[in-house]
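Heads up: the structure comes next, in structure tokens.
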Amino acid sequence: MEFLYASEILLNGLMAGVMYALVALGFVLIYKASGVFNYAQGVMALFAAMTLVGIMEGRVPFAHLIGAAFGVHVSSFGWTVPGLLAILLTALIMVGLAIAIEKLVLKHLVGQEPIILFMATIGLAWFLEGLGDVMWGADVKVLDVGLPQGISETVETLTNDWLGYGFFIDRLDIWATVIAAALVAALVGFSQYTKQGRAMRAVADDHQAALSVGISLQFIWIMVWSIAGFVALVAGIMWGTKSGVQFSLSLIALKALPVLMLGGFTSIPGAIVGGLIIGMGEKLFEYFVGPMVGGATENWFAYVLALIFLVFRPQGLFGERIIERV
Amino acid sequence: MTQATTTPDSRQTGGVLMDLRNITLRFGGVTAIKDISFDIREGEIRAIIGPNGAGKSSMLNVISGFYVPQEGEIWFKGYRRGPMKPYEVARLGIARTFQNIALFDGMSVLDNIMTGRLNMMKAPIWSQALWWGRAEREEVENREQVEKIIDFLEIQNIRKTPVGRLPYGLKKRVELARALAAEPRILLLDEPMAGMNVEEKEDMCRFILDVNDEFGTTIALIEHDMGVVMDLSDRVVVMDYGRKIGDGTPDEVRSNPEVISAYLGVEHA
């Protein structure tokens, strides 16, 4: 029974890890393609989730601004939009956002040092956060895209029948796992086998060379930021459903950092494995070691693990080894 | 396009493929290229030579779209080319290599060369991702072409090696292979033999001549090694301080007093 309980914890940890991995994926995509650490990834997830709620509930964007400027108080269109359609619309908005970022920010910083681009993404993060608040209001929103119910119960009954011990796994975690698996399969297929994916890897490697074989940097950047926006949307949906859509959602980016240090900044599978290790490690450490040190180890475990990795394997598990020829 | 040539070439070359007219390129107050005109004929090997800082690389960058000249016209295949981005120029059929080698270090030799054919893949994206239907046929066709080039340049044994691990001379060869994979109308080579030892130079020379011979590719190249240039090229443009000081067959150029003075520094005739 002790063993089964531990494995239940392990399983729960793995699934929680998938949620971390979802956030880390967005970072990896942009880092891989442009060498930029996108500080705004977490805020993008928040913005996407806010927009999704706004569209689903038929809220009027910029309601406060309109109210202040024209004295007209409209807060709702009076309709609701079904989940799938709203997700589609939000995805389109994220593509629009990617285009705007390329035209207004990235285009003007071509050839600049990575640190400059990093600073630009910090600015972007603050801007997006403000924009989200102005557009949709700063209240805590409830997000429910209508993920099918009852899957937890099924798992519990099934495991109870087989093992005589019912595993309880959060419904959301199960869905996150399914969706993450599909997302990763799609991303890997895309980046390994398609022309655009190859072009993306080419751009990541050498801008000049990419141009000389006829690749448009502009197109690739818009594409990469759009995909990262979509991944942010998925992460935003999962985390928003779990803990409500509010400012703290943007802080999930902090949880992605140790995942990236473990898995490597440039590897899609690395983001997944890193997420799984951290999710699993966190839960097991809390279970086995937590009681000895007074608990609450989940707050720091991931960061300490990341630190250890920084010392012994700075490129992460799957990252590209940095070789500098002298 | 096939007007008769009047140049006293030993070899038969076709009509004018690219015509550069009165090109001037400035960087702020510095004029890198001053009012230069010359043409490149179908099927020829055209060299651009000159001392360091003469503006040769700038000229190549103008042709490949990396620099946009302030003045002058570029005519390609009989049409005037507007200001274009480098990737648009590449799609027109102008491939190039770089002086300081620009390869995708993380990819294998094969993948690097395959990127040269990216623009020939037209299958819809889902077909590519699922590896089904049109994409599969395209990939096989492109792969066949690439294998031909690999055989041609004798790099079969390193085709799976990540490019970052290769020695300098082989990198240069892979870069040439990638440019060739695009089946270019004009191939631009920026110092293809710089930094090579004698043996590597001889190999590269042979490859350039063979490419020109077998694929009929028009080649424009920059090179420092005068012996190599004179052996390889059909016609030579000589630049100095951004101006054109000579243009003609290797023999004509060699006997041009201005060229001699530019290269030897003094000429008191």
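Could you pull out every one of the strands (runs of 3 or more DSSP E) wholly within the range B:14-101 that has 3 or more residues that are closer than 22 Å to B:Asp247 by Cα and of a type outside the set (Ser, Thr, Tyr)?
B:16-27, B:30-41, B:45-49, B:71-76
Take the range A:140-171 and flag every residue that is in contact (Cβ under 8 Å) with a residue 40 or more places away in the chain and within 30 Å of A:Thr90 (Cα to Cα).
Residues satisfying the conditions are A:Val140, A:Lys141, A:Val142, A:Leu143, A:Asp144, A:Val145, A:Gly146, A:Leu147, A:Ile169, A:Asp170.
From the list A:Ala209, A:Ala186, A:Ala176, A:Ala202, exactly one residue is at the interface with another protein chain (Cβ under 9 Å from one of its Cβ atoms) and within 28 Å of A:Thr154 (Cβ to Cβ). Which is it?
The match here is A:Ala186.
For the structure I just gave you, tell me whether A:Val188 is under 21 Å from A:Leu88 (Cα atoms), within 18 Å of the chain's Cα centre (by Cα) and among the β-branched types (Val, Ile, Thr).
For A:Val188, the condition - under 21 Å from A:Leu88 (Cα atoms), within 18 Å of the chain's Cα centre (by Cα) and among the β-branched types (Val, Ile, Thr) - is not met.
Evaluate the range A:226-244: report whether one residue or more is within 14 Å of another protein chain (Cβ to nearest Cβ) and modelled with pLDDT of 90 or more.
Yes, the range A:226-244 contains a residue that is within 14 Å of another protein chain (Cβ to nearest Cβ) and modelled with pLDDT of 90 or more.
May I ask you to verify whether A:Asn38 is out of contact with any His (no Cβ under 8 Å at 6 or more places or on another chain) and not in a helix (DSSP H, G or I)?
Criteria met by A:Asn38.
Is there a residue in the range B:72-88 that is crowded, with 17+ Cβ neighbours inside 10 Å and at the interface with chain A (Cβ under 9 Å from one of its Cβ atoms)?
Yes, there is a match, as at least one residue in the range B:72-88 is crowded, with 17+ Cβ neighbours inside 10 Å and at the interface with chain A (Cβ under 9 Å from one of its Cβ atoms).
Quick check, is B:Leu189 out of contact with any Phe, Trp or Tyr (no Cβ under 6 Å at 6 or more places or on another chain), assigned by TED's automatic domain parsing to the domain that holds B:Ile49 and either without any contact (Cβ under 8 Å) to a residue 12 or more places away in the chain or at negative phi (or both)?
Judged against the criteria, B:Leu189 is a match.
If you check A:Gly264, A:Gly270, which single one turns out to be touching a residue at least 12 places away in the same chain (Cβ under 8 Å), away from chain B (no Cβ under 14 Å) and of a type outside the set (A, V, I, L, M)?
Step by step, each of A:Gly264, A:Gly270 is checked, and only A:Gly270 is touching a residue at least 12 places away in the same chain (Cβ under 8 Å), away from chain B (no Cβ under 14 Å) and of a type outside the set (A, V, I, L, M).
At positive phi, not assigned by TED's automatic domain parsing to the domain that holds B:Asp190 and not hydrophobic (A, V, I, L, M, F, W, C) - does that describe any residue in the range B:126-134?
The answer is yes, given that some residue of the range B:126-134 is at positive phi, not assigned by TED's automatic domain parsing to the domain that holds B:Asp190 and not hydrophobic (A, V, I, L, M, F, W, C).
The values are calculated or read from the model by the stated rules, or taken from the named source; none is laboratory data. The structure presented is a predicted model; accordingly, all values stated were derived computationally and were not measured. Every residue, glycine among them, receives a Cβ derived from its backbone with ideal geometry; neighbour counts consider all protein chains shown.
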